[in-house]
Every structure is written in C-alpha cells, then in structure tokens.
Amino acid sequence: MIKRRIHSVPELNTTSTADISFMLLIFFLVASSVSVDKGLARVLPPVDDETEQVVAQVERSKALAIEITADGRCLVDENEIDANTLHTIASKFIQQQGSDHVIVVESSPEAQYDIYFTVQNQLANAYREARRQMAQATYGKPYDELNESQRQSIREKCPQHIAEPLAVPSTESKTASAHD
C-alpha cells in the first residue's frame, strides 16, 4: 500500500530579524528630519489679576512706531521699509534715546507670522548691537566679554522697552461680521 509521508513544516530562523529591525529603525531615525516650530524667546510678566494696567504717556520723539500691515508691509513711523533692515534703524534710535525710549509694535491680526518673527528678531538684533556698542564705549570690550555686574549696568543704561498694544478689531470688521 501507499504510505503517506508526514510532511513537516520547516522552521524559519528568526534570530537575525531583531537585528535587522533595529538597523532599519536607526536608519529611518537618522535619515528623516523633524520640522522645528518657530518661536520667540520672551520672558512674559507673571499673571496677576489684581494688578491694574497703567497707561503711560510717552513723548512722540522718544517712541519708534512700527506697524505690520495685513499685506505684509513693515512701516516705521509711517514710512515703508524692508523688515530685514529694521535693526539698523532701531539700533540708532535706541542709542540716541538711551534708557528713555519705547518701541511700539502694532501688528494687524491678518498679518503673517513670518513678518512678525522677522520684526521681533530684528529688534532683538538692534538691542544686541546697541548694547555691544555701549559696552565697547564704556568698558572698552564687547558685551559678551563683560562680567555680570558690568552687563547689568549696560542693561540698565539700555533697557528693552517694546510695547505691543492689543489689537482692536476695526469697525469695518464688526459691521461685516454683524451682517453674516
């Protein structure tokens, strides 16, 4: 008679699959890139509900008005400029006014974030440049090489005064939303 053969299923050698999977994981981690979100390094004041907001009166000659329009233009004292050159204008203004200055940044709610970040970075560069030049004139060395007490002295002579008024919707947008 015909004998039936018992067929056995061959076993797979899986000892190297763990090594291969880890190698693929490492490859994809190294080969891929992670997008980095943009942000601003700012220290915000603590939240204090009991504090009243005080409206300060500033002389017009001691204020630099920067406006970011909805169409992405940058206006300094109502004159259009390239946002990438703002640091030179702001640095000169800061050095001329000393500690009695304020930079007012008004941004349209429809403005793109890129132009806002550019303006903020340019203002940070302007303060950095003004403090560097003040440190060079006062101590004869760059701001980065000063000790902490000297840096504090320069920061007091050249404080960072940036005001950002709250955006108030225009009457046109109120009217448009009332009809919708």
Distance between modelled label sites at V9 and S33, nm, 7 Å Cα→Cβ extension: 4.6 nm
Solvent-accessible surface (1.4 angstrom probe) belonging to V30, in square angstrom, nearest 10: 120 Å²
log₁₀ of I(q)/I(0) at q = 0.14, 0.19, 0.20, 0.23 Å⁻¹ - the range 69-136, Debye sum with one point per alpha carbon: -0.42, -0.73, -0.80, -0.99
Pairwise label distance in nanometres, Q96 with R128, each label 7 Å out on the Cα-Cβ vector: 2.4 nm
Loop trypsin sites (Lys or Arg not before Pro), the range 54-155 (other Cβ atoms within 10 Å of the site Cβ: 16 or fewer; DSSP): R73
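The values are calculated or read from the model by the stated rules, or taken from the named source; none is laboratory data. Note that the structure is predicted; figures quoted are calculated from it, not measured. All Cβ positions, glycine included, derive from the backbone under ideal geometry; neighbour counts span all protein chains shown. Calculation scope for accessible area: heavy atoms of the full protein, side chains included, ligands and nucleic acids excluded. Shrake-Rupley method; radii C 1.70, N 1.55, O 1.52, S 1.80 Å.
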